[in-house]
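The structure under discussion appears below in the form of structure tokens.
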Amino acid sequence: MDESLRELYQEVILDHSRHPRHFGPLEHATHNGEGHNPLCGDRVKVHLIVDAENHIADIRFEGRGCAISQASASLMTDMVMGRTVAEADTLMGGFLDLVKGEEAAHLPEDDMDRLNVMAGVSAFPMRVKCATLAWHTMKSALEAGEPAKSE
Amino acid sequence: MSFTPPLHDFPILSRPINGKKLAYLDSAASAQKPKQVLEAMTNFASSSYSNVHRGVHKLAAESTEAYEKARGTVAKFLNAKHMDEIILTHGGTEGLNLVSYSYLAPRISAGDEIVLTKMEHHSNIVPWHFLRERQGAKLKWVDVREDGSINAAAFGAAITPKTKLVAVTHMSNVLGTINPIKDIVAIAHAKGVPVVVDGCQGAVHEIVDVQDLDVDFYAIASHKLYGPTGIGALYAKRAHLKSMRPFNGGGEMIAEVTEDHVSYAEPPARFEAGTPPIIEAVGFAAALDYLTGLGRAAIKEHENAVYAYARDAVRQFNWLRVIGEAEGKGAILSFEAEGMHAHDLATILDHEGVACRAGHHCAQVLMDRFGLASTTRASFGLYSTRDDVDSLIAGLEKARKILT
């Protein structure tokens, strides 16, 4: 198999896409976002609970999409869980650089290692949007003015 | 009848993609151009080009003649009764928008209805949504049956005294269904309702006779007919054209302009404001001549044979579901593959040199009807071969191995 294809569809990605982490609705979410990729019609929802110290106490995602978008969403939820909103934002900046094939912003080595499974996307410019959908959705959820009301 | 695909006419087909032989199965999105079209455009631009109409110099005369000749070629291709029933547009989308803006908008009020089908391309939906949003028109949807066909009689039920227009595609760009236009037109006309047909796919695969179909409007796009982008045509019955308000305003479409008055040119010039796509018109005509020269019936038979070969080949995969199996359908194969998203599939196929389209194909209403977010689509053209299908099948098997 061609190397770039092997890298794109490596086992970690397929595993995340087949068995997405933190998948489903989230009760008492403080922030909710919905993203749409008009190219393929895929939709994703991201729900978060942000606590008083601005930590992401919980996160879930819903929706159906290609292996790349599902894996990216699943990996994202894994990585931002427990971090502050600011840290999540930095992580997102690094991720966007990575999938666009640009030099990633300075991130801790651990984070780079984990995000690197998505680096293969940069060889497929038509697929970058698939990889970034969940991240943009999370960002818009976090930025959406007043947090959604919790019961 | 034997037809050998003239692959040598299409230089792009010999370009390797990702180190593999290209299997271009995306002609329904846009067809490749034969060198006859490319050369006609280059020759015209190198020897005769100028702006059209009004000019008195030799190049203006030659360009005007070539442009008007292209109109005549389109008229003949669609078997329009009069050459002035052909408006040269900037594409299929513009033709349908022109009908919405110039014909229907002045005739429609709140509560009036437009009947259309759930298999329409967005270009035959959104212009009608405009009238819903702006003027309170109501859209009435004729359903698509499970096999991808529609029942002409359903139009009889959908049309009421409030119906002002029926909008329907000749051929679905997703399902490949060929709709019974003649029957639909007869039903609509019996109730005094005109019919606009999106012919962007239909004119490619069917031999169109607008007089026999008795359609009121028929829109086509050059680039799907192996011609250049940026040009298309709208056939409209003369009686309608005379009563339609202008579309874009500008040069070429006027009779006289003063400080406080404007009068308009007769159709079709009234609807062709500004400098038209002249070189493209020459290419468009060359493409139609090319198709006619090869033999439309022979092309259709060839495409359908390649489609049938593909359809039979994918039957071996119990994990693949074909969407659209209407009787008499044309050469488009859409499918959903279990456990494989269309975009992942298309990426892997591309690596095998197979160019397929993945997504909603600008037909989200249809996708919703079938409960799908997207499909993968292989569409066939006059240059398609069984080798292309074999590449597709090999690619599908490979994708299955990688993704599931």
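Computed from the coordinates by the stated procedures, all read-outs in this text should not be read as laboratory data. This structure is a prediction, so every number in the text was calculated from the model and none was measured. Here the Cβ positions follow ideal geometry from the backbone for every residue, glycine too, while neighbour counts run over all protein chains shown.
The label point for B:K81 and the one for A:D15, both projected 7 Å from the Cα toward the Cβ, are 7.2 nm apart.
Using the Cβ-Cβ distance between B:N151 and B:K20 with R0 = 41 Å, the FRET efficiency computed as 1/(1 + (r/R0)^6) comes to roughly 0.45. Give, as ranges by residue number, the residues of the stretch A:52-81 whose backbone N falls under 11 Å from the point 7 Å along Cα→Cβ of A:L39. The answer is A:69, whose backbone nitrogens lie closer than 11 Å to the label point. Building the convex hull from the alpha-carbon atoms of the protein assembly as shown and averaging its projection over directions returns 30.4 nm². Phi-derived couplings, Karplus 6.51 cos²θ - 1.76 cosθ + 1.60 at θ = phi - 60°, listed residue by residue for the stretch B:276-285: x, x, 7, 4, 5, 4, 5, x, 4, 4 Hz, with x used for Gly and Pro.
Taking θ as phi - 60° and the Karplus parameters 6.51, -1.76 and 1.60, the scalar couplings of the stretch B:62-73 work out to 5, 5, 4, 5, 5, 5, 5, 5, 4, 4, x, 5 Hz in sequence order, x denoting glycine and proline. Counting only Cβ charges, +1 for Lys and Arg and -1 for Asp and Glu, the dipole size of the protein assembly as shown around its Cα centre is about 1720 debye.
With helices as the sole contributors, chain B gives -11500 deg cm²/dmol at 222 nm; each DSSP H run of n ≥ 4 counts as -39500 (n - 2.57), and the sum is divided by every residue. The GluC sites (Glu not before Pro) of the stretch B:103-159 meeting both criteria, a DSSP state outside H, G, I, E and B (loop) and at most 14 other C-beta atoms within 10 angstrom of the site's C-beta, are B:E146.
Per-residue mean of foreign Cβ neighbours for B:341-353 is 6 (Cβ atoms of other chains, 10 Å radius).
May I ask for the distance between the Cα centers of the stretch B:328-404 and the stretch B:1-73, given as a whole number of Å? Each part reduced to its Cα centre gives a spacing of 28 Å. When the pairs B:K140/B:K224; B:K21/B:K401; B:K164/B:K329; B:K58/B:K242 are compared against a 23 Å limit on Cα-Cα distance, B:K140/B:K224; B:K164/B:K329; B:K58/B:K242 fall above it.
Between B:V142 and B:L116, B:T117, B:K118, the built amide H atoms are under 5 Å apart, and every one of these is 5 or more places off in sequence or on another chain. With a simple spin-label model that places each label point 7 Å from the Cα along the Cα-to-Cβ direction, the separation between B:V262 and B:F317 comes to 5.3 nm.
Available extension along the chain between B:K401 and B:Q211 is 63.3 nm, counting 0.36 nm per residue and deducting the alpha carbon span.
For A:G63, the residues whose modelled amide H falls within less than 5 Å of its own, excluding neighbours fewer than 5 places apart on the same chain, are A:K45. Between B:P228, B:P11, B:P277, the residue with the greatest mean-square fluctuation in the GNM of chain B (Cα pairs under 10 Å linked by springs) is B:P11.
Springs between alpha-carbon atoms under 10 Å, Gaussian network over chain B: tell me which of B:S109, B:S379, B:S149 tops the mean-square fluctuations. Looking only at B:S109, B:S379, B:S149, the biggest GNM fluctuation is shown by B:S109. Put a dot 7 Å past the Cα of A:A57, heading toward its Cβ, do the same for A:D113, and the two dots end up 3.1 nm apart. At a Förster radius of 51 Å, what calculated FRET efficiency corresponds to the Cβ-Cβ distance of B:A297 and B:D143, to the nearest 0.05? It comes out at approximately 0.95. Karplus-derived 3J(HN,Hα) values for the stretch B:327-338, using 6.51 cos²θ - 1.76 cosθ + 1.60 with θ = phi - 60°, are 4, x, 5, x, 7, 10, 10, 9, 8, 10, 10, 4 Hz; glycine and proline are entered as x.
Considering only A:A134, A:A86, A:A123, the Gaussian network model of chain A with Cα springs below 10 Å gives its largest mean-square fluctuation to A:A86. Here is the list for the stretch B:1-72: trypsin sites (Lys or Arg not before Pro) lying in DSSP coil, each with at most 11 other C-beta atoms within 10 angstrom of its C-beta, are B:R54.
Of the GluC sites (Glu not before Pro) found in the stretch B:297-365, those in coil by DSSP whose Cβ has at most 13 other Cβ atoms within 10 Å are B:E327, B:E338. Using bins of 10 Å that start at zero, the share of Cα-Cα pairs per bin across the stretch B:38-292 amounts to 7, 31, 34, 19, 7, 1, in whole %.
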